[in-house]
Structures are given as C-alpha cells and as structure tokens.
1. For the range 349-364, does any single residue satisfy the condition of being surrounded by fewer than 16 Cβ atoms within 10 Å (Cβ to Cβ), under 29 Å from Gly552 (Cβ atoms) and in contact with a strand residue (DSSP E or B) (Cβ under 6 Å, 6 or more places away or on another chain)?
2. Taking only the range 624-661 into account, find how many residues are open to solvent by less than 70 Å² (accessible area, probe 1.4 Å), modelled with pLDDT of 90 or more and of a type outside the set (D, E, K, R).
3. Looking at Gln423, is it open to solvent by 70 Å² or more (accessible area, probe 1.4 Å) and not in a loop (DSSP other than H, G, I, E, B)?
4. Hey, among the residues in the range 585-602 that are under 13 Å from Gly526 (Cβ atoms) and over 24 Å from the mean Cα position of the chain (by Cα), which one's most open to solvent (accessible area, probe 1.4 Å)?
5. Go through Thr579, Thr621, Thr605 for me and flag whichever is polar (S, T, N, Q), closer than 28 Å to Leu221 by Cβ and open to solvent by less than 30 Å² (accessible area, probe 1.4 Å).
6. Answer yes if at least one residue in the range 183-198 is open to solvent by less than 40 Å² (accessible area, probe 1.4 Å), in contact with a Phe, Trp or Tyr (Cβ under 6 Å, 6 or more places away or on another chain) and either in a helix (DSSP H, G or I) or over 21 Å from Ser558 (Cβ atoms) (or both), and no otherwise.
7. For Val479, work out the one condition from (1) modelled with pLDDT of 95 or more; (2) open to solvent by 10 Å² or more (accessible area, probe 1.4 Å); (3) in a loop (DSSP other than H, G, I, E, B) it doesn't fulfil.
8. Cβ-Cβ below 7 Å, separation at least six or inter-chain, first residue in the range 209-232 and free of Cβ contacts under 8 Å to residues at least 60 places away in the same chain, second among the small types (Gly, Ala, Ser): which pairs?
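The values are calculated or read from the model by the stated rules, or taken from the named source; none is laboratory data. Everything numeric here is computed off the predicted structure, so don't read it as measured data. Positions of Cβ are generated from backbone atoms using ideal geometry, with glycine treated the same way; all protein chains shown enter the neighbour counts. These accessible areas exclude ligands, DNA and RNA; they are computed on the full protein's heavy atoms, side chains included. Shrake-Rupley method; radii C 1.70, N 1.55, O 1.52, S 1.80 Å.
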Amino acid sequence: MYSANQAHLPIRENEDQLAELVEGMSPIVLAMSCVHMSGKLDIIRGTVKPKMPAFNGDTGGSLSAEEATTLRAQGLAIIKEYRDAGQPEPYRPTDDELGEMMSFLLGLDLPPAYVPMIREDMAFDAEDARTFVWNRSVSDAEKARHPVTITGAGMSGMLIGLRLKQAGIPFVILEKNESVGGTWYENHYPGLRVDVPSHAYSFSFIQDHRWRHLYSFQPDLLAYFNTCLERFGIADHIRFGVEVTGADWNEDSKGWDIAIRHGDGTAELTHSRALISACGFFNRPHVPDIEGAGLFKGQQFHSARWPNVIDLSGKRVAIIGNAATALQMIPPVAEAAKQLTVFQRNPSWTFINAEYDRPIREAEQWGIEHLPYYAGWMRAAVFNWTLDMLPELMMVDPQWPQDGRSTSALNERSRAVATEVYQAQLSDRPDLLEKLLPDYPPYVKRPTIGNGNFFTALKRDNVDLVTDAIAQFTEEGIVDATGQLRAFDIVVYTTGFQVQKYLTPMVIRGRSGEELNEFWQDNPGGYLGMVVPHFPNFFMMYGPGTNLGYNGNLIYNSELQARYIAHCLRFLVEDRRETLEVTEEAFEDYMDRTAEMLAKFVWSTSYGTSYFRNASGKVTTNSPWSLLEMWTWSKDPDPSHFVPKDASLSPGGPVAADAAS
C-alpha cells in the first residue's frame, strides 16, 4: 500500500525550475532526501546544525537564512546529479546512519533504542511494516471458528478491520452512523480542523494522500478516511446504522452474545468469539444540566450535532464553553452572526502555531512525488518524536515551588512563552487578558492550538466574553449569576463529551455477569489499556488510560493497538484456545505502575479542571508512557500475562461464524 518513498515521477525540470522548487522546501527535510539520492551523509555532517522543533509541525529547524541557503544549494546540486543519473534506486541507510539522520532532523542526540521504531514507521523495509502475518499455517476452518465483532468504524475500527482482513479472520464492524470516520463524521462545525500535522495524523502506510493544508480541515480528513475505506477493501464488512447496546459473555459457547439496535428501534442478537470496542472517547456529547434549558424558544444544540443547514446571519448566538472547539468555532461564527456571546467557565492555555493555517506548498508536494523518501521525512519532521523524550515538560518537579503557576522549570518556560503571546495578542484589551490568561500551570488540561484568529475574533465589536456563571435559561435567553438576561436566537454547547463514561451506552458483562463498569469502580483501565481480567476475548482500542498525554497522535496509537490485538487473536487461534484472558496479576501490576507514573504528571495535580480526571480526582484517560515503551510492550502478547488455555477446540468449534467473512 505504501512506502515512505512516494517519489514516483520523473524529474524533468531544468535548473531554474529546480532552484525555485528548492526554495519552497523544508531545508532539513530536503537534506534527508539528499542522503538517499547521493548515498552519502555529507550534507548533514557539515556546519549546519538544526535545533529542536520550536512548535508542533515545525520543519524549519530554526536555521538562520544563511544556513537554510547552504542546505538548499547543496540540495539543488544533489537533485541535479540524481536527475542526470536517471534517478537510480535510492540509498537505504544503516541503523547507525538512520540514527544520525534523525538526530540531525530533530536537533538532538537520538537514543539508539528509537531507531528500530522509527525505521518501522518509515517503512524502509516493507510497504506496511505492521501488516498481519501468521506464525504457522492456519486453515480456513480454524479461522472461521473465531469470528470477531468490532464496534465503531472510526480510524481504530477500520484499522483493526484491515488487520483481520489480512489475517483472513471473519469479522463484522457495527457502526451507529451512516459513514465511516467516527468523530470526523459526527463533527462538522465551522472551523473544525485537526491540531496535529496531516502527514503525522494519518496511517503510516497510507501517505500518498494529497493534503491541502499542514493542519487539515474536517472535510479533508473525512475524505481521507473514505479513501482508506476503499483501499482497505472492508466496506462489505461494515453494517451501518447499527448500534451495540450491550454484550454478555457466554460461558457455554466461549463467546459474546451481542445486543444491537437498528435505526428503526428494532433489536437483534448476534454472536462472535471476540469483541473489540473501537468507540473511543469523543462520541457521546456532554450537555450540562442548566435550569430552564427546556424553556428556551430558540435553537440549541451541541457542537457535535451542528445542523447540516443553518443560517447565522442576523442571529444572536451564544457559545457555552471556551476550550478547543470554541477556539475553532468562534472566528467563523463571529463573522457570520449579528452578535456572539461566549460563556467561559475556565480559560484555556492557547499556543500560537506559525504554521497552523498554511497550505501545503506546491514545492513540498513536488518533493513528495519526485524526491526519494521526502514523504517519510516530512512525516518524521512533524511527528512528536522530540516530546517523547521530554516528559519533564508536563511533569511535577518536587523541588520546584508548587505555587499553582507551574510545576517545573520546563513547565514554567512554557508558561512564560505562552504568557508573552497572550500579552502581545491582547495588549490593547487588558480586560480580555485578565479573563483569558489561565491561573493554572500549562498542560493541566489539553492546550488549544491556533493561529491567533481566536484572540482577534474576541476583540470584535459584535463579540462579548462572559465569565459570570450561567444561572438559568428563560424563554428568551440566558440569565447569568449577576441576574443579567441576554437574549439569543441560537445556543451552541461546546462542552465536550462524556469522556468518563467509558463505552456508554454499552453494558458489557463478563464472567459471572459482572458489568465492566462495576468491575472498574472509579479506576477504569486495562493491561496496556486493552485487555481486562474476567472479560475474555474482549479488547479495547482507545480505551481508558490510552490517551496520549505528551507525545504521538491517536492514529499512531491505533496502529500499535491494532497490531497487539491482532496478535492476541493470532495467539488465540495458533495456540488452539477458546479464550484469551489477561491475568489479574498482570492487570494489577500494570495499573499500579501506571498510577505511580501518572502521579508524577501535572494532570494529577489539583490545579484547574480537566476531563483527564474523574469525580474522585483520578486521571483515567491519559497514558504516562513514552511511545517507545508502548511500541516495545505492544509488539506481541506475552503468554505469561494470560491465564492458561482451555481444552483444545473441538473440530466443529462452539461459536457460529455470524461475522461476515
């Protein structure tokens, strides 16, 4: 499907045209491609030494103009030589050379342990390094005895579907919506875009998509996932408009009885050997219970239920909430509406990204299509590899004064830089600065990222920012805690999702009928965030404790989880098991180690408010582990972490293959 080398077009440009193209490329990404074209590392062993990325998506290396000119001049000469030689097979670096190249690209000394992980992601040695492969010959009959049901056809559900298709294991994906894409299908409010660079927020093995922006808007992301659906070849395995309401472990059949509800309200019961939840966190909107909301005569809806057709012109609009969704929504709504009022409970840290709003340059796309491995190095440059080695940015230093402003020297530096941005953006509006500048440390909650248009929008004459609490609704509008009534035509809730209600509304009952949430109490989780004792053959993707706190992105995480779960099913089949169930010892040990590590991070402090924490103050969403650790641990299941296998399967097998094959 994919190689990091997307260069498939002949170079026919003359010297002047190449010189112009080189000016539009990242000099450090160009230098990486030059190693493949020349077979030498000379270009990165000179006097030019990039610095660590200044922000997420930084491909400039903080070079001076002179340094950038030096790399581009060397790059131009190498491109011409490569063209004139007929574009020969590109050079593939050794592990030591790859480590040296990554160190140059990232402006740091890359620990050698990272090299195999990055080589795998770059797909130097295979089009899809994480594709499913059996360890032994497995008959179709053996595979047919282990049908799988997957809930959700978002990025995770589609990916594990691909792995099962590669394995030849029968499966069905049950999706409550009428399309794939998950949250990127359900959400389509104005201004919606991803805050991770497109070349990183994409499957490692589907990198030939022509992104229009460095940070893509929702329509482009949904188009990407539909493209992936077609290329995965799994559309026939998806049942749309079907919602899973619950599942019960059947000890007799050693499988799951799965209750589903159709769009017309009718119910159905299906069966499968294994059940995989790929629902994620952000699929059930949270709407606060505000007195009198039912009295309001205007239109009100959650941002995740934005109407397909709505006219804001001449309307008085209220937005309740002021975090990531509001940051994206406020500028376009402010331009369209007659009046916009934003109700803010708590301010959020907002980081300005100089590259956030820019399109992919023509020269960059040309490089991807003509220069060897430019695509892979573009992805590597915008990936959060550096943050994986800097957890201290979000950790609590016991020696640092814990005054509520910051938690360490690095955390204080982030606060100082962000504060300077706030002061510069709002120098002419001290009233807004007072309301918008957080009084808690950075990273307590997920920071928002933008290009500054959020601050500009809040300064418009037709926009008000209200920090007084909402007391109640009336027929006309909203009354705040001071008693002031503001009239509205439309109220939009940007109040997040029911993150702490994992797997809602599904009720999952394991051995002896115990409900999963009863087993968890107020400490949800799984071994590696994926498997839970007493719930055999049940797996979770993007479950509790797997939200990446300081590194990577969710698609990369889903690739690791899909491989682990697929390999668990491989172990189940190849070992002729009926069930696969993690031991309590492995589960409890992992949960204890995770809790101990989480306590070291800013998320676990009492500062501010965050969906990371549940009602008792425990961080239940985030993973404190590095990408390197999770990559290492999730390659293959350790048999010692699972209870001994049951008796060998009978030739016919106890579970009917209800899943589509």
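1. yes
2. Step one: of the range 624-661, the residues open to solvent by less than 70 Å² (accessible area, probe 1.4 Å) are 624-631, 634, 637-638, 641-643, 646, 649-650, 652-657, 659-660.
Next, only the ones that are modelled with pLDDT of 90 or more stay: 624-631, 634, 637-638, 641-643.
Those left that are additionally of a type outside the set (D, E, K, R): 624-628, 630-631, 634, 637, 641-643.
Within the range 624-661, residues that are open to solvent by less than 70 Å² (accessible area, probe 1.4 Å), modelled with pLDDT of 90 or more and of a type outside the set (D, E, K, R) number 12.
3. Details: open to solvent by 70 Å² or more (accessible area, probe 1.4 Å): yes; not in a loop (DSSP other than H, G, I, E, B): yes.
Yes: the conditions hold for Gln423.
4. Restricting to residues being under 13 Å from Gly526 (Cβ atoms) and over 24 Å from the mean Cα position of the chain (by Cα), the top hit is Glu588.
5. On the way: Thr579 fails: closer than 28 Å to Leu221 by Cβ; Thr605 fails: closer than 28 Å to Leu221 by Cβ.
Checking each option against the conditions leaves just Thr621.
6. yes
7. The failed condition is (3).
8. Partner pairs satisfying both residue conditions: His209/Ser202; Ser216/Ser198; Leu222/Gly181; Tyr224/Ser202.
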